[in-house]
Amino acid sequence: MRWVTRMDDGLAFSRPGWLWVGQLALVVLGTHRGAERLAGYLARWLAMLPAPWPDPDLPLTLAAVSATGIELCLGLFAIGWLAVCTRQPSVGHQAWLRQASIRAFTVPIYWAATTLAGTWTVALGAADLVGGTSTMLPAFIAVVVLWRVGLPGCLKMARQLPPAPRTKGLVLAPALLLVSGLALRHGLPVWGWL
Amino acid sequence: MRRGGLLDAGIVLGILVLAAGSTPVGALGVWGIDALRGVERPMPQLVGFFSFSTRSHLTAAVLLPVRAPSDSPLPGALEVAVERVVRTSGPPQHYSTPEAAVEGLRQSWHEDHDLALERWALGRDVVERAASRARSAGSSDPTRWVELRRWLPAHTAAEGDRLVQGPRALATVLELAWPIQAPHHVTSGYGWRIHPTLGTKRFHNGIDLGVPIGTTVFAAQSGRIAVVGENAVSGRFVVIDHDHDVRTAYCHLDQANVTAGEHVERGAPIGASGNSGRSTGPHLHFMVRLAGETLDPHPLRPEDDQTSPGALHGPPVP
């Protein structure tokens, strides 16, 4: 048992060095849920244009390429936000309000929405892997993943984004909010329960 | 595990495996790591991770030419719909080719059609687990797709939308009957046009069938009357919900003989055509919606040519 304890201690000690990878992967999973729906909407919109498409699949391809581009861009930005957060101290409520920018609102919203959608994807994937038939298993896994990995990432984004000019994040805000909304709407099963 | 290091590492590892296998960013990350390690692999197909909504593929699938259904236990329209869906957007992952997928469904077809289609699309184990979860949560009909999909991982649910809901919706569309039996001609097609009364470029979301006022209008498919209404644009109109996200609408009616909530059979008379609303002459505006988006109904028009897409419509309405 001793080596298990040692390994546990070692991993716990080095946690700040690798936990961010899991937080980023959760966001990537959730972003893909939103981007996939965005691709569908883009394809419909493109197919409705009165353009004489030379190939009926062209609107689908264009939509997929656009959504992939948005997804990759958001992935790069997510890495950047994680990097800048790591160097920042955590700020309190008052200080946060004083230095709040558009980015300070939109990035935590995006991070939380995609983390939730990603967590549910992981929970159901894990429950399927285990092969259990319990209803509670995905919910239990989701809570554990959220508590151990997702929530610390969301809090980091809310508390540790560095101060910026008020309008910082204006350009990216529509994409962030759109993908957040789509990830929440289509990445979680709760809407069917309401 | 006093400090949870092993637990957190296990969780992160699991998340990474899922993200690497099911997202473009993850695939690119794996490819990049392999490249750094000197392992040469072709660049991953990033756009291949998008399954889209069912509708985009179905719209293309509606327009494919019909091949006569072979001797098969599957209902004709469903077989054609399944074949079109797997041809346009790929077979289930446990089948290597579209042909093998269609043959697989023929082999596994049984009386519980929903279950047969779900197992074919997603695999028996996945469906059983999700149904069990739904059953435990108190669902009275756990194998119904809308119930089952809540208990599936998001990417599996999306795959099911494509392969379970998609063929059902497409089969419903392919079986639509033409709403007018009397001789008529198409006075305005689907798509962009100069609006006859407004003179501006507008998208015409249905097809106009020129018929005299009072011509009987028939239900294109069985379903529930969703709306019976009247407004300044569409005049008096009826909307029928045919399930599987398929709706038809009949506008500019002179009278509607049905009420909202009523069930109608395919080919049942639902009203009489007219000239109500914004209209330049007596006609029926017929509209088909699939997954919330309109389709061009013209390819569904029955023709003498048995290879046309209208060939599957079954018997004409009475």
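The values are calculated or read from the model by the stated rules, or taken from the named source; none is laboratory data. This one's a predicted model, so the numbers in the text were calculated from it and none came from an experiment. With ideal geometry, Cβ positions are generated from the backbone for all residues, glycine too; neighbour counts draw on all protein chains shown.
Counting only helices (runs of 4 or more DSSP H) wholly contained in region A:1-116, the ones carrying 1 or more residues that are in contact (Cβ under 8 Å) with a residue 60 or more places away in the chain and closer than 30 Å to B:Glu293 by Cβ occupy A:15-48, A:58-86. Residue by residue through region B:28-46, note down the ones that are at pLDDT below 90 and facing chain A (nearest Cβ under 8 Å). B:Leu46, the sole residue that qualifies.
Could you list, in sequence order, all residues of region B:1-27 that are part of a helix (DSSP H, G or I), among the aliphatic types (A, V, I, L, M) and within 7 Å of chain A (Cβ to nearest Cβ)? Break it down stepwise before answering.
Of all residues in region B:1-27, those part of a helix (DSSP H, G or I) come to B:5-22, B:24-27.
Adding the requirement that they be among the aliphatic types (A, V, I, L, M) leaves B:6-7, B:9, B:11-13, B:15-20, B:25, B:27.
B:Leu6, B:Leu7, B:Ala9, B:Ile11, B:Val12, B:Ile15, B:Leu16, B:Leu18, B:Ala19, B:Val25, listed by residue number.
B:Ala137 satisfies every condition listed in (1) over 19 Å from the mean Cα position of the chain (by Cα); (2) at pLDDT 80 or above except (2).
The numbered conditions (1) at pLDDT below 85; (2) under 26 Å from A:Ile109 (Cα atoms); (3) not small (Gly, Ala, Ser) are all true for A:Leu46 except (2).
Going by the structure shown, is A:Gly169 at pLDDT 85 or above, of a type in the set (Gly, Ala, Ser) and in a helix (DSSP H, G or I)? Taking the combined requirement at face value, the residue does not satisfy it.
Which is surrounded by fewer than 17 Cβ atoms within 10 Å (Cβ to Cβ), under 14 Å from the mean Cα position of the chain (by Cα) and more than 24 Å from B:Ala20 (Cα to Cα), of A:Leu97, A:Leu155, A:Leu170, A:Leu151?
On the way: A:Leu97 fails: under 14 Å from the mean Cα position of the chain (by Cα); A:Leu170 fails: under 14 Å from the mean Cα position of the chain (by Cα); A:Leu151 fails: more than 24 Å from B:Ala20 (Cα to Cα).
Criteria check complete, one pass: A:Leu155.
Condition first: of a type in the set (A, V, I, L, M, F, W, C) and assigned to a loop (DSSP other than H, G, I, E, B). Now tell me which residues in region B:164-184 satisfy that.
Going through region B:164-184, the residues of a type in the set (A, V, I, L, M, F, W, C) turn out to be B:164, B:169-171, B:173-174, B:176-178, B:180, B:182.
Hits for region B:164-184 are B:Leu176, B:Ala177, B:Trp178, B:Ile180, B:Ala182.
Residues are listed down the side, and each one gets a yes or a no for (1) buried (at least 21 other Cβ atoms within 10 Å of the Cβ); (2) within 22 Å of A:Glu36 (Cα to Cα); (3) within 7 Å of another protein chain (Cβ to nearest Cβ); (4) touching a strand residue (DSSP E or B) at 6+ places or on another chain (Cβ under 7 Å):
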| residue | (1), (2), (3), (4) |
| --- | --- |
| B:Leu117 | yes, no, no, no |
| B:Ala137 | no, no, yes, no |
| B:Pro153 | yes, yes, yes, no |
| B:Gly160 | yes, yes, no, no |
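Within region B:278-318, being assigned to a loop (DSSP other than H, G, I, E, B), crowded, with 17+ Cβ neighbours inside 10 Å and modelled with pLDDT of 80 or more holds for B:Pro282, B:Pro297. If the condition is being under 20 Å from B:Ala169 (Cα atoms) and surrounded by fewer than 22 Cβ atoms within 10 Å (Cβ to Cβ), then region B:105-115 contributes B:Arg106, B:Trp109, B:His110, B:Glu111, B:Asp112, B:His113, B:Asp114, B:Leu115.
Taken over region B:229-277, the residue count meeting the criterion of being surrounded by fewer than 16 Cβ atoms within 10 Å (Cβ to Cβ) and assigned to a loop (DSSP other than H, G, I, E, B) is 9. Return yes or no: is A:Thr86 at pLDDT below 85, more than 7 Å from chain B (Cβ to nearest Cβ), on the phi < 0 side of the Ramachandran plot and under 18 Å from the mean Cα position of the chain (by Cα)? It is true that A:Thr86 is at pLDDT below 85, more than 7 Å from chain B (Cβ to nearest Cβ), on the phi < 0 side of the Ramachandran plot and under 18 Å from the mean Cα position of the chain (by Cα).
Among the conditions (1) at pLDDT 95 or above; (2) within 25 Å of B:Asp114 (Cα to Cα), the only one that B:Tyr250 does not satisfy is (2). Evaluating B:His155 against the criteria (1) modelled with pLDDT of 85 or more; (2) closer than 18 Å to A:Gly125 by Cβ leaves one unmet condition, (1).
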